[in-house]
């Protein structure tokens with residue numbers, strides 16, 4: 001009996017005017033559910049407010065800088081100096097489970113909870129322990145796999 005191999009044919013997700021994948025607010029429950037079912041992922045915007053985002057970013061960078069004194073959040077030239085346990089293909093990972101105050105606030109944030117409840121179609125969810133990371137810039141950066149991306153420029157972060 002031979003198995004028929006099926007070729008994966010990606011279904012391009014809709015994008016906004018800037019070329020980024022369409023995003024939804026947590027109040028757009030049906031749209032979130034439909035998009036997730038169709039594409040297997042969804043972007044939910046404005047889950048954290050500006051102050052929560054700023055506190056989160058600062059806490060992540062502080063954790064990374066404390067783990068490796070060679071790292072300076074204000075100097076991209078130092079971002080490649082970290083040990084391999086921190087550097088991944090597209091981002092810089094924290095050393096372990098993030099235990100900062102803001103990380104715990106984010107895990108318990110009402111809109112974060114709502115977003116997961118919508119995607120998982122279950123209101124009975126628990127807070128998880130996880131890592132955090134910093135992604136390298138994606139806007140106006142060279143993307144060799146997508147040369148037609150309108151945000152594609154030479155990558156200053158090789």
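Below, the figures for the structure above:
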read-out	value
Condition met for residue 148 (at pLDDT below 80, closer than 18 Å to residue 52 by Cα and part of a loop (DSSP other than H, G, I, E, B))	no
For residue 103: the one exception among (1) buried (at least 16 other Cβ atoms within 10 Å of the Cβ); (2) modelled with pLDDT under 90; (3) in a helix (DSSP H, G or I)	(2)
Filter result for residue 59 (more than 16 Å from residue 116 (Cα to Cα) and touching a helix residue (DSSP H, G or I) at 6+ places or on another chain (Cβ under 7 Å))	yes
In region 24-57, the residues that are surrounded by fewer than 15 Cβ atoms within 10 Å (Cβ to Cβ), within 16 Å of the chain's Cα centre (by Cα) and part of a helix (DSSP H, G or I)	53, 54, 57
Residue satisfying condition, being modelled with pLDDT under 90, at positive phi and not in a helix (DSSP H, G or I), within set 140, 89	140
Residues (loosely packed, with under 10 Cβ neighbours inside 10 Å and free of Cβ contacts under 8 Å to residues at least 12 places away in the same chain) located in region 1-15	1, 2, 3, 4, 5, 6, 7, 8, 9, 10, 12, 14
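The values are calculated or read from the model by the stated rules, or taken from the named source; none is laboratory data. Since this is a predicted model, take the numbers as computed values, not measurements. No Cβ is skipped: glycine too gets one built from the backbone with ideal geometry, and neighbour counts run over all protein chains shown.
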